[in-house]
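To start, the structure under review is shown below, and the notes come after it.
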Amino acid sequence: MKSFMCKHLCSYIRENKKRKGMRDIYKIGGIGTVHAGPVETVLKSGMMVTFAPVNITTEVKSVEMHYEALSKALPGNNVGFNVKNVSVKNVRRGNAAGDSKNDPPMEAAGFTAQGITLNHLGQVSTGCAPVLDCHTAHIACKSAGMKEKIDHHPGKKLEHGSIFLKSSDAAIIDMVLGKPMCVELL
């Protein structure tokens with residue numbers, strides 16, 4: 001099992017984009033703006049990063065974990081990193097930071113998601129506006145259409161073009177964002 005997990009993680013790092021979700025942002029006197037959260041791939045001092053969806057590019061000045069400087073943060077590390085010339089007002093929780101030279105993160109207009117309706121008394125239909133948690137963002141989205149209802153355990157298609165969902169139903173849904181957000185396939 002360990003070899004499978006290591007092989008999967010190593011291929012994930014090679015094949016996926018370099019991203020870091022913003023969990024917390026602090027303004028620290030004498031240091032500047034510090035962004036904190038878990039690293040999904042690799043983050044290094046001196047690296048140029050782009051914040052999405054605000055589209056700000058800057059250099060990482062330093063990376064720290066538990067008050068110790070790191071030259072490189074690896075997947076799973078919960079770090080704080082300081083960047084040049086970015087105000088705490090410009091970046092917020094839910095933004096994503098990624099390598100600006102290697103397919104930088106960008107704002108999404110919408111996305112297709114697989115979702116499950118949990119603890120809902122009535123019916124959920126096209127046009128509803130649920131609040132979604134995607135990465136570290138918490139944003140209201142509007143369902144633009146339900147492509148198909150599925151059995152969420154094996155993922156088998158049950159109905160095509162379903163009009164509504166009840167509690168514990170799963171579906172493939174087209175979503176339109178209420179506010180700018182960075183959405184990526186995981």
Problem - Subset of region 131-152 (residues that are more than 17 Å from the chain's Cα centre (by Cα) and under 28 Å from Asp24 (Cα atoms)) - result: Lys142
Practice task
Answer with yes or no whether Ser87 is surrounded by fewer than 18 Cβ atoms within 10 Å (Cβ to Cβ) and either modelled with pLDDT of 95 or more or in a strand (DSSP E or B) (or both).
Solution key: no
Exercise for the section: Determine which member of the set Asn78, Asn82 is surrounded by 13 or more Cβ atoms within 10 Å (Cβ to Cβ), closer than 15 Å to Val39 by Cβ and outside the structural domain of Lys147 (by TED's automatic domain parsing). Expected result: Asn82
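Residue-by-condition table, conditions (1) among the small types (Gly, Ala, Ser); (2) more than 21 Å from the chain's Cα centre (by Cα):
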| position | (1), (2) |
| --- | --- |
| His66 | no, yes |
| Asn85 | no, yes |
| Ala108 | yes, no |
| Ile116 | no, no |
Practice task
For region 35-75, name all the residues that are polar (S, T, N, Q) and either closer than 29 Å to Lys179 by Cα or loosely packed, with under 15 Cβ neighbours inside 10 Å (or both).
Solution key: Thr41, Thr50, Asn55, Thr57, Thr58, Ser71
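Which of the residues spanning region 37-58 are more than 23 Å from Ala109 (Cβ to Cβ) and part of a loop (DSSP other than H, G, I, E, B)? Don't jump to the end; show me each part of the working.
First, the residues of region 37-58 that are more than 23 Å from Ala109 (Cβ to Cβ): 37-39, 41-48, 58.
Hits for region 37-58 are Thr41, Val42, Ser45, Gly46, Met47.
The values are calculated or read from the model by the stated rules, or taken from the named source; none is laboratory data. The structure presented is a predicted model; accordingly, all values stated were derived computationally and were not measured. Here the Cβ is made from the backbone with ideal geometry for all residues, glycine too, and neighbour counts use every protein chain on show.
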